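The values are calculated or read from the model by the stated rules, or taken from the named source; none is laboratory data. Because the structure is predicted, anything quoted here is derived from the model rather than measured. Cβ placement follows ideal geometry from the backbone for every residue including glycine, while neighbour counts extend to all protein chains displayed.
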Amino acid sequence: MPRHRLGFCLWLTGLPSAGKTTIAKELAPRLRARGWPTELLDGDEVRQGLSADLGFDRASRETHARRVTFVAKLLARNGAIPIVALISPYRSSRARARAEIGHFVEVYISTPIGVCQQRDVKGLYRRAFAGEIKDMTGVDDPYEPPEDAEIVLDTLAQTPAQSVDYILRELERLGLIREENGGTNPAETVPVDAASP
């Protein structure tokens, strides 16, 4: 009988409009094609459901991250790959998620704020700089970049498809998924220390 396969969490963090959701939506079907049950936990979508009662102050953001962490932990321990696409601006929140989930891969979407402003279809940066909205990450609320993320993406040099290819290669290198030419069935087990804190 095969041993229980361990899942792991991919936690995509970055400024608003950095490209987290775009990359996550391209990544999820690629992992499913390799046989992994995968669930996308997009910060905005989760906020509409689990965190509709929260605002955007620091305490609310940390509570939102804790709720997402709890769902991701349940998915990962049942053999799935939760892909979290969440600004999660504070290192303390991401460190808590890493500690609670265990098998955790931090993916930093490193996009300069000027580029994020250009990509911002909702106009949130413009409104924040005009003083129309408060507590905007990167404007009047800090974003604390990861200091030691497992994967760093440069979205200026890579298309979303190239970023997804890079993530998959890094997951192969970490031993978390098999190489694509090695078959589409996921590995039965994940090395305990491959993505542990």
### Query
Quick check: anything in the range 18-32 part of a loop (DSSP other than H, G, I, E, B) and either charged (D, E, K, R) or over 15 Å from V164 (Cα atoms) (or both)?
no
### Task
Output the residue which, of all residues in the range 109-132 that are surrounded by 20 or more Cβ atoms within 10 Å (Cβ to Cβ) and outside any loop (DSSP other than H, G, I, E, B), is nearest to the chain's Cα centre (by Cα).
I109
### Query
Which of the residues that make up the range 31-56 are under 14 Å from A80 (Cα atoms) and in contact (Cβ under 8 Å) with a residue 40 or more places away in the chain?
L31, A33, R34, G35, W36, P37, T38, E39, L40, L41
### Task
Among the numbered conditions (1) surrounded by fewer than 19 Cβ atoms within 10 Å (Cβ to Cβ); (2) at pLDDT below 95, tell me where V71 comes up short.
(2)
### Task
Enumerate the pairs (first residue in the range 57-75 and free of Cβ contacts under 8 Å to residues at least 60 places away in the same chain; second residue anywhere and among the basic types (K, R)) with beta-carbon separation below 8 Å, excluding pairs fewer than 6 apart on the same chain, so at least 6 apart or on different chains.
H64/R47; A65/R94; A65/R96; R66/R96; T69/R96
### Message
Tell me the residue from E106, E26 that is surrounded by 22 or more Cβ atoms within 10 Å (Cβ to Cβ) and within 14 Å of the chain's Cα centre (by Cα), please.
### Response
E106
### Query
Among the residues of the range 149-162, how many are surrounded by fewer than 13 Cβ atoms within 10 Å (Cβ to Cβ), touching a residue at least 40 places away in the same chain (Cβ under 8 Å) and assigned to a loop (DSSP other than H, G, I, E, B)?
1
### Query
Which one is farthest from D140 (Cα to Cα), of the residues in the range 38-49 that are more than 13 Å from the chain's Cα centre (by Cα) and surrounded by fewer than 16 Cβ atoms within 10 Å (Cβ to Cβ)?
G49
### Filter result for P145 (surrounded by 12 or more Cβ atoms within 10 Å (Cβ to Cβ), modelled with pLDDT of 95 or more and touching a Gly at 6+ places or on another chain (Cβ under 7 Å))
no
